[in-house]
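Enquirer: Starting off with a structure, shown below.
The values are calculated or read from the model by the stated rules, or taken from the named source; none is laboratory data. Being a predicted model, the structure only gives us computed values, none of them experimental. Note: ideal-geometry Cβ built from the backbone for every residue, glycine included; neighbour counts use all protein chains shown. Only protein heavy atoms, including side chains, enter the accessible area calculation; ligands, DNA and RNA are left aside. Shrake-Rupley method; radii C 1.70, N 1.55, O 1.52, S 1.80 Å.
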Amino acid sequence: MSGKILVIGAAGQIGSELTSTLRNSLGNEKVVAADINDNNKEVVNSGPFEILDAKEFSTIKQCVDTYNIETVYLMAAMLSATGEKYPEKAWDLNMTSLFNVLNLAKEGVIKKIFWPSSIAVFGPTTPKENTPQHTICEPTTVYGISKLTGERWCEYYNKKYNVDVRSLRYPGIISYKTLPGGGTTDYAVDIYHKAVTDGHYDCFLKEDTELPMMFMEDAINATLQLMAAAESTIKLRSSYNVAAFSITPKEVYESIKKHIPQFTIDYNPDSRQQIADSWPCSIDDNSAQKDWQWHSKYSLEDTTDIMLAQLKAKYESTKN
Ligand code: AKB
């Protein structure tokens, strides 16, 4: 990667860790972070930062011109649960931002795009176990509809205009640095925080709701591996299935209990249960394995070890 990189949505759960990993490997000045707010001080203070609304084409274009940007990671999106509260806003943000960067690439202003899709492209009619790369996709959330539509546009821009756009269907991502916001899989992050701070968690999904998840480091590695792969190896220009492990809230609870025996949990499912019930339990990521040698490294037990150690240290340090 020679040219500069712009991460849009750099203050978010995945965007913030992507920004710091890219800055650590390429140098801070090579990675421009942008977000609608400047709340994430680590991102704001560790390199170039711009306030930017991903819906505004002219603002993105100005930023790309100013910094001579070659590659854009578009991480801004409204996730599944918030999207159901604000369907039109979710559609507007998720689609307008994608067209903005696709059109910059079509015009030759930028060379390469990463855009995240999600397991939300699947729906209740999709086979639930080991969900194949190519299968029935009838999503029932606005977020899922926007991601599936986005996938079709990515493929279209690649085939028609030769745009180098690459994408992954992320499962739920578990991380300790930046909180996720507005997703259905957020419980799998919240539960670790509450285990450390309160010793009790009220879970918004049923105990046996099985969903595909991944530790953040695997998600970042998958993203960077896909972006570094030779163009000829990228056979799918819609979006690749990627998987690590599948878990229920009860299994996460039990893995935490091995470290914190007094930890308790209650299950009070809310509207997010319906969304979770429409998604797959497990994902077949054979195409990613075959095309660009993807393999996950972290299991649930690895994730629990790291999450609890990091969060204990974080909450300890804020006490002092
Ligand atoms: C969500 O829960 O909405 C996201 C996702 C699976 O894309 N984390």
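Enquirer: Just to confirm the filter: which trypsin sites (Lys or Arg not before Pro) across region 221-260 are DSSP coil and have at most 13 other Cβ within 10 angstrom of their Cβ?
Expert: Details: sites: Lys235, Arg237, Lys250, Lys257, Lys258; in loops: Lys235, Arg237, Lys258.
Those satisfying the criteria are Lys235, Lys258.
Enquirer: OK, next. I need the calculated FRET efficiency for the pair Asp202 and Ser46, taking r as the beta carbon distance and R₀ as 51 Å, to the nearest 0.05.
Expert: 0.90
Enquirer: If you filter region 167-218 for GluC sites (Glu not before Pro), then keep DSSP loop positions with at most 16 other Cβ within 10 Å, what is left?
Expert: Glu207
Enquirer: Can you work out the PRE-style zone for Lys159? Point 7 Å along Cα to Cβ, and I want the residues of region 82-105 with backbone N under 20 Å.
Expert: Counting only backbone N, you get 99, 102-103, 105.
Enquirer: At R0 = 25 Å, how high is the FRET efficiency between Gln273 and Asn39 if r is their beta carbon distance? Nearest 0.05 is fine.
Expert: Working: r = 30 Å, r/R0 = 1.19.
The computed FRET efficiency comes out at 0.25.
Enquirer: With angles folded into 0 to 90 degrees, how steeply does helix 187-197 sit against the dominant principal axis of the chain? Use alpha carbons for both and round to 10.
Expert: 50 degrees
Enquirer: Would you list which aspartates and glutamates come within 20 Å of Lys235, measuring only between C-alpha atoms, while excluding same-chain residues fewer than 8 positions from it?
Expert: Glu151, Glu155, Asp164, Asp284, Asp285, Asp291
Enquirer: Keeping the other protein chains in place, figure out the carbon and sulfur percent of the accessible area of the chain, with a 1.4 Å probe. Before the final figure, lay out the partial values.
Expert: On the way: 6600 of 13580 Å².
Taking all protein chains in place, the chain shows 49 percent carbon and sulfur surface.
Enquirer: Another question, if that's okay. So how tilted is helix 142-161 from the main axis of the chain? Cα-based, degrees 0 to 90, rounded to 10.
Expert: Value to nearest ten degrees: 30.
Enquirer: Something else about it: Tilt of helix 216-228 relative to the longest C-alpha principal axis of the chain, in degrees (0 to 90, nearest 10)?
Expert: Tilt of helix 216-228: around 20 degrees.
Enquirer: Next question, about the same structure. Looking only at region 164-189, which residues have a backbone nitrogen under 13 Å from a spot 7 Å from the Cα of Thr82 in the C-beta direction?
Expert: 179-184, 186
Enquirer: Same structure, new question: Quick check: net charge around Thr248, other residues with Cβ under 10 Å of its Cβ, Lys/Arg +1 and Asp/Glu -1?
Expert: Details: positive: Lys206, Lys250; negative: Glu207, Asp208, Glu210, Glu251, Glu254.
In short, -3.
Enquirer: Specify whether the C-alpha gyration tensor of region 253-320 places it in the rounded, prolate or oblate class, a ≥ b ≥ c being the square roots of the eigenvalues: rounded for a/c under 1.5, otherwise prolate if a/b is larger than b/c and oblate if not. Display every interim value, and only then the final one.
Expert: Details: a/c = 2.46, a/b = 1.35, b/c = 1.82.
It is oblate, given that a/c is not under 1.5 and a/b is not larger than b/c.
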